[in-house]
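The values are calculated or read from the model by the stated rules, or taken from the named source; none is laboratory data. All figures in this text were calculated on a predicted structure; none of them were measured in a lab. Using ideal geometry, Cβ is built from the backbone for each residue, glycine included, and neighbour counts are taken over all protein chains shown.
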Amino acid sequence: MSKSHEQLEALADKLERNGDDPARVDIVRRAQRFKRSWVELAEGLLKLRKGRAYERWGYADLYDYCQKELHIKQVTVDKLMVSFSTLQNHAPEVLKRDGVSREIPTIEAVDYFTRAFGSGDEDDDAPARRRLDAPKAVLAELRSAVFDEGQSASELRKRFDPILRPKNEDDETTEAWRKAKALAERLGQVVQGIDGLSESRVGRVLAVVEALVRDLEGLIEKAPKPKASKGKHAA
C-alpha cells in the first residue's frame, strides 16, 4: 500500500469518526479506489466541481482540494474530468459497464482517444483538448480499438501514432522528456522501497525528483502539438 493510499485511508476514517460531511468522505473513498475505478472518481470530481462543496471544507478551488486532501495533481484532475466527458459524449455505453464482466478502458487509453477526437464544447468549464485533424476512417478505427477491443495506451500509440502523430524533431524531443519523466517517477518509487536509506536521504532525493518531474511536465505541456498526417488516408 502506497503512502498516499494510507494517508487517504486514515483521513477517511477520521472524517467518518468526526461525523464530517458525507460528500467529503465519499470523495476521499473514491480517491482510494482510483486505481481500480478511475471512472467513479472522475464522476465524483465533476459533481464536486458543480456543487462546489470544497468551499465548505475550506478550500479555494477544486485543484486546491485535490492537491491537499486527495494528493492528486491538477494535470491528473483535468485528465480525469476530460476523459469522463469523453465517455459521456462518445461512448456512454461504457459508463454502464461494471468493470468485471466487461472491462472499462484505462484512463490513458481514453486520454489518447480524447486527444485525437478533441473534447467537446458542451461543458465550458472542461479543460480544452485540441483535436487532431484525423481522417474519419482512422478515428472510427481508433474508437473501436479503445472501447471495443480495450487496447492499452501503448498498443494504441504503436498502432496509430504513425498516422496521427508522425514524428519530427519536436516530437522526438517531447518523447525524450516523457521518457525522462517516467524514469524520474520510477526512481522516486524505487528509492522509497530501499532498506537502509535514512529518511532524510530519501526525502532529499524525492524533493529533487519531484522538482524534476514538475519541470518536465511543464516542458511537455508547452511542447508544440503534433499535426495529423493528411496523406493516403481519406476522410
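Is there a residue in the range 43-54 that is touching a residue at least 24 places away in the same chain (Cβ under 8 Å), among the aromatic types (F, W, Y) and not assigned by TED's automatic domain parsing to the domain that holds A211? No: the range 43-54 contains no residue that is touching a residue at least 24 places away in the same chain (Cβ under 8 Å), among the aromatic types (F, W, Y) and not assigned by TED's automatic domain parsing to the domain that holds A211.
The residues of the range 104-119 that are out of contact with any His (no Cβ under 9 Å at 6 or more places or on another chain), within 14 Å of S144 (Cα to Cα) and either aromatic (F, W, Y) or modelled with pLDDT under 85 (or both), listed by number, are Y112, A116.
Based on this model, can you work out whether K47 counts as in a helix (DSSP H, G or I), loosely packed, with under 15 Cβ neighbours inside 10 Å and modelled with pLDDT of 80 or more? In short, yes. Given the structure, is I107 in the same structural domain as S144 (by TED's automatic domain parsing), β-branched (V, I, T) and surrounded by 20 or more Cβ atoms within 10 Å (Cβ to Cβ)? In short, yes.
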